[in-house]
Structure formats: structure tokens, C-alpha cells
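Below is one structure, written out as C-alpha cells; comments come after it.
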Amino acid sequence: MRPPRFWSDPQARVFPWLLSPLSALVATCAVKRQKKPGWKAPVPVLCCGNLTTGGTGKTTVVLDLVARLKKRKIAVHALTRGYGGRIKTATQVDLARHFARDVGDEALLLAQECPTWVGGDRAASAQAAVAAGATCLIMDDGFQNPGLHKDVSLLVVDGVVGLGNGHVLPAGPLRESPAGAFARASAVLLIGPDNTGFLERYAGALPDVMRADLQTEAEMQGLKGARCIAFAGLGRPSKFFDGLRQAGVKPVQCLAFPDHYFYKDRDMTHLATLARQANAQLVTTPKDTVRFPPAFRKQLKTIDVGLVWQNEAAPEALLDQLLRQRPA
């Protein structure tokens, strides 16, 4: 499903006003939910979350922080709900037997870098991870989930879209009111240019702010001048397409699919036909690649995206803060 257009329009008045009673109810429930105490793990817990529905780049941030923790020789485990997957109870992801339909695409990406657990009960996943030897936990999403106590919470904001029209669901894209979220957050990470004036609009309420930009991997340079067809099933596919163009790659066609879309046989046939007819290379994201069977992946060029922090010391300081919370 595509989000309604008025969610991204700060000037929208009619629909947000009509839906304001429901938004007030959602906001009230979100506040009450946070009053429930969560299980406090015996190891530090870092949550990378967001305020809006859809993708903001949380998994990219988690992967960056996981790599930094591993460099410090920290036994970090990742926790995620496993959005779109069939497994709902606390389960460690096994790349040899689990597929995207089992655990979701994000879990497969995380499991390539560190032990990863899926399940809606974050406390149960955390307990299993600690029993398996984790000395630090990092959550991909779950900022609004009170089941597990967070020692440090990082709110991730996509600078291009900001907080949309600023209203809570269903009048807007927000999961809760900004004031409440900022009060619980340890820091905010703004990714990309601040196109919506987010920093100015919420200046008085924000905790520490960090900035970062997305950078495509170096091997993409080989695609410059080559014919390619780009496709992506993300919260905002245009982010991927724009990144290609900024890197000098000009796709002959761009195809957008819904977020977390599970590709069907007919989709693979269609993509392969388009590539053959256009004599072009199929180009996509890691999150999309893991949703295909291994045989079809051979036809794809996967372009990864990493973070470039404007202040390289900022993420390290955040991890210092995290690891000071409790003894290892």
C-alpha cells in the first residue's frame, strides 16, 4: 500500500483535521504504552528506531554500528521483529535454512554480519541472545515497543522527507507525538539533506543531533555508461534511484515495488525479459536481492549503501555512552 499524499504535505488541512480524533487516540495509547516497564537486560541495549512508518535507513545504521562494535571485540547480537516473515517467536536466524519469507529481508542482512534474532517479543529475543553469549544488544526498530528496556535510543530521520505533515497516524505518518519521542531519545540521526526544515522546526525539543549521508559502494563505478534497469521494493525506492544517478549511473528504466515486497515468478520473468530486451543489467538493493531465490540472484547486480558520518567521532561517542551503561 502507498501512503496517502497528504501524509507528506505539511500544508494539508482537510484530511488531518477529519482524522484528528483518531490521531489523538493513537497518540494517547502510545503514551500509555510507554508507561509499562520493560525487561532490563544484564547487557547494554541500543535501539535504532524512528518516528514514521516506512523506511528511514535504520538497518543501514544498525549495520554500521554493528561493524563498529565488532571492531571493539564486542559480542553484539541484533534483534528485529522480522517484518514480513512467518516466524513470530524468538528465533535465531540461520542463513542456511531461513529465507525472507521466514524471517524478513532485514533479518537476513543483519545475520550476515552478527548473530540475529527475530520475534515480536523483544524481551524474549533479548533473553535468548544473552543466553547465547551476547554482551551487547542492538535493536533494529522497536523504539515504540516497551517490552525491552533501552539504555541508549537513536532516532533515525530521513532528511528528504522529515516527519511528513507532522501528524500522528492516521492523520499523518507518525507513530507517536514528536515531543514524547524526542524526550525518550538519546540522540537523533538525520540522514541526508534537511529538505523539510526538520532541524529548525523541532530545534527546541531535539536531543543531541548527528548527521550522516548515504554513499553507494565503490564497485558501482563500473556501471557508469552501462545500460542497466534499476528496481527496488523499499519504503522510498526513489532514494535508491536518486543515489544511482548521483553516482553517475543513468538507468534506462526504474521500477518501484512496495516495501518488503516478495517477488513472484511472474515478476522474475518480467524483469529478466526487460533486461534481455534492453540488453541491460538488472540493478537492485541488498534488501531486494535476499527476497529472490539463489538462482535468480545471479542475474542481479546488488548495490550496497553505507553511511558517511559528518562527524566520525559521533557514532563512537554514542557507543562509548552505551558501553558505560553496565559492566560487560
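Looking at (1) buried (at least 22 other Cβ atoms within 10 Å of the Cβ); (2) farther than 26 Å from Arg72 by Cβ, which one does Asp121 not meet, given that it meets all the others?
Condition not satisfied by Asp121: (1).
Quick one: would you say Arg236 is open to solvent by 60 Å² or more (accessible area, probe 1.4 Å), within 19 Å of Asp158 (Cβ to Cβ), in contact (Cβ under 8 Å) with a residue 60 or more places away in the chain and not hydrophobic (A, V, I, L, M, F, W, C)?
no
Looking at (1) crowded, with 20+ Cβ neighbours inside 10 Å; (2) within 20 Å of the chain's Cα centre (by Cα), which is the one condition that is false for Arg175?
(1)
Output the residues belonging to region 206-233 that are open to solvent by less than 50 Å² (accessible area, probe 1.4 Å) and either more than 30 Å from Gln253 (Cα to Cα) or touching a Cys at 6+ places or on another chain (Cβ under 9 Å) (or both).
Selection gives Leu206, Pro207, Met210, Ile229, Ala230, Phe231, Ala232.
Could you check, for region 104-112, whether at least one of its residues is touching a Gly at 6+ places or on another chain (Cβ under 9 Å), closer than 21 Å to Asp288 by Cα and open to solvent by 10 Å² or more (accessible area, probe 1.4 Å)?
Yes, region 104-112 has at least one match.
Taking only region 31-63 into account, find how many residues are of a type in the set (A, V, I, L, M, F, W, C) and closer than 25 Å to Ile191 by Cα.
The number of residues fulfilling the criteria is 8.
Would you say Asp194 is in contact (Cβ under 8 Å) with a residue 12 or more places away in the chain, of a type in the set (Asp, Glu), out of contact with any Pro (no Cβ under 6 Å at 6 or more places or on another chain) and in a loop (DSSP other than H, G, I, E, B)?
When the stated conditions are applied, Asp194 passes them.
Please list, ordered by first then second residue, the pairs with beta carbon atoms under 6 Å, 6 or more apart or interchain, first in region 58-81 and farther than 21 Å from Lys239 by Cβ and β-branched (Val, Ile, Thr), second open to solvent by less than 40 Å² (accessible area, probe 1.4 Å) and assigned to a strand (DSSP E or B).
If the second residue must be open to solvent by less than 40 Å² (accessible area, probe 1.4 Å) and assigned to a strand (DSSP E or B), the pairs left are Val66/Val76; Ile74/Cys136; Val76/Cys136; Val76/Ile138.
What residue, among those in region 147-165 that are open to solvent by less than 20 Å² (accessible area, probe 1.4 Å) and in a loop (DSSP other than H, G, I, E, B), is farthest from Lys35 (Cα to Cα)?
It comes out as Gly159.
Restricted to region 12-43, and to residues that are in contact with a Lys or Arg (Cβ under 9 Å, 6 or more places away or on another chain) and among the β-branched types (Val, Ile, Thr), which residue is nearest to Pro178 (Cα to Cα)?
Val26
Right, Ala247: modelled with pLDDT under 95 and loosely packed, with under 15 Cβ neighbours inside 10 Å or not?
It is false that Ala247 is modelled with pLDDT under 95 and loosely packed, with under 15 Cβ neighbours inside 10 Å.
The values are calculated or read from the model by the stated rules, or taken from the named source; none is laboratory data. Just so it is clear, the structure is predicted and the values come from calculations on it, not from any experiment. As a convention, Cβ positions derive from the backbone with ideal geometry for all residues, glycine included, and neighbour counts pool all protein chains shown. Note: accessible area is taken over every heavy atom of the protein model, side chains too, but ligands, DNA and RNA are not part of it. Shrake-Rupley method; radii C 1.70, N 1.55, O 1.52, S 1.80 Å.
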